[in-house]
1. How big is the stretch 12-105 on each of its three principal axes, counting only the C-alpha atoms and giving the largest first in Å?
2. Considering only Cα-Cα distances, which of the following residue pairs are longer than 22 Å: K233/K334; K108/K255; K239/K279; K399/K466; K140/K247; K401/K456?
3. Round to a whole number: what % of the accessible area of the stretch 363-471 belongs to carbon and sulfur, probe 1.4 Å?
4. Indicate, rounded to the nearest 5 percent, the antiparallel portion of the DSSP beta bridges found entirely in the chain.
5. Taking K and R as +1 and D and E as -1, what net charge do the other residues with C-beta under 15 Å from the C-beta of N345 add up to?
6. On alpha carbon coordinates alone, what is the Rg over Rh value for the stretch 211-273, Rh being the Kirkwood radius?
7. For D380 and K140 in the same chain, what is the full-extension length gain: residue separation times 0.36 nm, less their Cα-Cα distance, in nm?
8. Gap in Å between the Cα centre of the stretch 5-64 and the Cα centre of the stretch 283-349?
Amino acid sequence: MAAGGLRQRLVHLDLKGAPPRAAYLRQVLPLLRTLGATGLLLEYEDTFPYTGPLEPLRAPHAYSRQELQELLGLAKEQGLEVVPLVQSFGHMEFVLKHKEFSHLREVKMFPNALNPHKEESRALVKAMIDHIMTLHGDVKWFHIGCDEVYYLGEGEESKQWLQQQENTPEKLCLSHIKAVASCMASSYPTVTPIVWDDMLRGISEETLAESGVPQLVQPMIWDYAADLDVESKVLLVEKYRRCGFSKVWFASAFKGATGVNQSLTLVGHHLQNHLQWLKVASSTPTDVLQGIALTGWQRYDHFSVLCELFPVAIPSLAVCLQALENGGYSETVKENVEKLLGMPNLEIDTFMSTSLGTFPGSTILSLVTQVSFYLKSSVDELLERNRYVTGWFSPYHRKRKIIHPIIMHHFQPDAISLLSKWNAVVQDLQAAMEQVFPNSTVEEWMEENVHPSLQKLQQVVDDLDKAIKAQT
């Protein structure tokens, strides 16, 4: 049985990077339900089909309305509660990078935070929410973001506002959250807004209680660490309760929290994070705890590189969901996950092996593991540790097309064989990725993770060829 208040288990889909094709998501939803998910936290960012004045926000690979309608219909069939997420304060880069909206930045130079003083800022947020609600008419919750509002209070209008007596950055933050939540309450009275809690944590109980925010939103307390401090979280829940928040959510992570350019998911880290959250849940009154969102970050922000791709992290997600559903992790849970994913041996404390599973996208996991473990190391082994290359085909030799004909035979076959092997692996990976992701994602992942090593190897083989021709 699921632990106490963790009956709601939302899987976060961070679509601001590597958004899976709709056809792939349709394959995955039934699996998520089987693994123990009860809902989805959909962070659309630039993948929502915005129209009219908001059309600039729509990425070339955005989903169509029809794709989303079908997807949301399937989620409903599967009994998955859908909670949309729209950033409304911080992490607004996907909006504020555009010249049409750049005048709404808190700090002129930085596209991360929205200026909370402008009426137009609130109108923009309302327009975004209204657009998304046209496809989500029956939702119970709507996540309005509000995390990591960096440089709040540093804009010119904020500086003037803060000079007035009793005005503080905390009150400025709360007033914007209140404005967005009040707007939601008047337009969608049956929908409860959720906010990330990090901007609230350091605010005094008195200030929080007086703001009126606790009556309008439910905070989602997030912490992705494997050694999460249970006691401090229990105290934080008690603090929020005293301030007047009726319910709280937790947020863990199944991927995207251990390194900005991480390509493989360390299941053990994420499992520990969930086991810690189970301890917090066991010390939290069930009538206070609404549920948990298992976050799966795809980028740290709009401009950063991709971290682990969704299919790569499915084993981690499966382990974490099953641990939550069963109130812990055991050999039985492990065996059940292996069975559900069709994986012969699930690695918890090391990175996944290259063996295949039967879950959607398992080929990508297998090939990404090969590339991440062996591509760079095998190329570096040849180019930096092979004495024939370092001694007789250095950059100096290559530039002047100098090669000793005898030495050439010591490493040319190895270089050609290695290049051929990796070209075949990469071709398979590209084909597998194209089934799941838009071309822009495939291109980005290859440029970041494959091309640096493969191009170095290709260049050596080409230079070798030129040097040989120059000798004849």
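The values are calculated or read from the model by the stated rules, or taken from the named source; none is laboratory data. Predicted model, so just to flag it, every value in this text is computed and none were measured. Every residue, glycine as well, gets a Cβ built from its backbone with ideal geometry; the counts of neighbours run over all protein chains shown. In case anyone asks, the SASA skips ligands and DNA or RNA and just uses the protein heavy atoms, side chains included. Shrake-Rupley method; radii C 1.70, N 1.55, O 1.52, S 1.80 Å.
1. In descending order, the Cα extents are 46, 24, 20 Å.
2. K233/K334; K108/K255
3. 51 percent
4. So the antiparallel bridges in the chain amount to around 5 percent.
5. Summing Lys/Arg as +1 and Asp/Glu as -1 gives -3.
6. Details: Rg = 14.6 Å, Rh = 13.3 Å.
Expressed as Rg/Rh, it is 1.09.
7. Residue separation times 0.36 nm, minus the Cα-Cα distance, leaves 81.1 nm.
8. 17 Å
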